[in-house]
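**Q** Here's a structure for you.
The values are calculated or read from the model by the stated rules, or taken from the named source; none is laboratory data. Nothing here was measured: the structure is a model prediction, and the numbers come from that model. Note that each Cβ is placed from the backbone with ideal geometry, even for glycine, and that neighbours are counted across all protein chains shown. We work out accessible area using only protein heavy atoms, side chains counted, and drop any ligands, DNA or RNA first. Shrake-Rupley method; radii C 1.70, N 1.55, O 1.52, S 1.80 Å.
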Amino acid sequence: MTDADAAGDAGEFQDLEDLPDDPTDREYVERTIRLSEEAVEAGNTPFGALLAVDGEVVGEARNETRTEGDVAAHPELTLARWAAREFDADELEACTMYASTEPCPMCATAIHYAGIGRIVFGVDGETLGELSADVVPIPLEEVIRRADGDTTVEGPIAVEAAMAVHDDFFREP
């Protein structure tokens, strides 16, 4: 856990318009935590992500695995696929993906193949794995390393705030 974990809460940035003019990594991750809450409100599991280029949010996604009946409808995969179609290699290198939770190996591979330059996440898979048995215990950084990738990986930076959503979801009776 980092010092940044103590700042703010997931409800601080309800909409994109609520973000400050020059958001920090923590503020972007807080927005993805709100997206994970929206995923739960829509009947899905609590995961959210966004993609930023030069400080501008160019895309957001929420988990839709349950409502779409698609096991691959993870927000990170959705955004990586979209970015790979929409941006050239230089633009992809300039992209930062922010995620509420460390991307799974499937999403990590898509991030690598898309060529996204950087990813920052709120809570790591190992911590989430203590709560949910559905976590594949291969860290994002290891997937990128094994693929001989260049994506910069940063996180976890908001463990308590991100885990609060998972606690509420996975501990419900």
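**Q** In the chain, if every C-alpha pair distance is counted and binned at 10 Å from zero, what percent goes to each bin?
**A** Answer for the chain: a P(r) of 11, 43, 37, 8, 0 percent.
**Q** Charges at C-beta only: +1 for Lys and Arg, -1 for Asp and Glu. How large is the resulting dipole of region 23-171 about its Cα centre, in Debye rounded to 20? Can you show the working numbers first?
**A** Details: 11 positive and 31 negative charges, 59 e Å.
Rounded to the nearest 20 debye, it is 280 debye.
**Q** Something else about it: Carbon and sulfur: what percent of the chain's accessible surface (1.4 Å probe)?
**A** 45 percent
**Q** To continue, here is another question. In debye, nearest 20, what is the charge dipole magnitude of region 59-122 about its Cα centre with +1 on Lys and Arg Cβ and -1 on Asp and Glu Cβ, if you could check?
**A** So the dipole magnitude of region 59-122 works out to roughly 200 debye.
**Q** Can you give me the relative contact order of region 22-77 as a percent, contacts being Cα pairs under 8 Å and 6 or more apart?
**A** Numbers: 90 pairs, mean separation 15.5, N = 56.
Relative contact order comes out at 28 percent.
**Q** Which number do you get for Rg(Cα) / (2.2 N^0.38 Å) in region 41-118? Before the final figure, lay out the partial values.
**A** On the way: Rg = 11.9 Å, N = 78, 2.2 N^0.38 = 11.5 Å.
Relative to the rule-of-thumb radius for its length, region 41-118 sits at 1.04.
**Q** How much accessible area per residue does the chain have, counting only protein heavy atoms and a probe of 1.4 Å, in square angstrom?
**A** Numbers: 8630 Å² over 173 residues.
On a per-residue basis, 50 Å².
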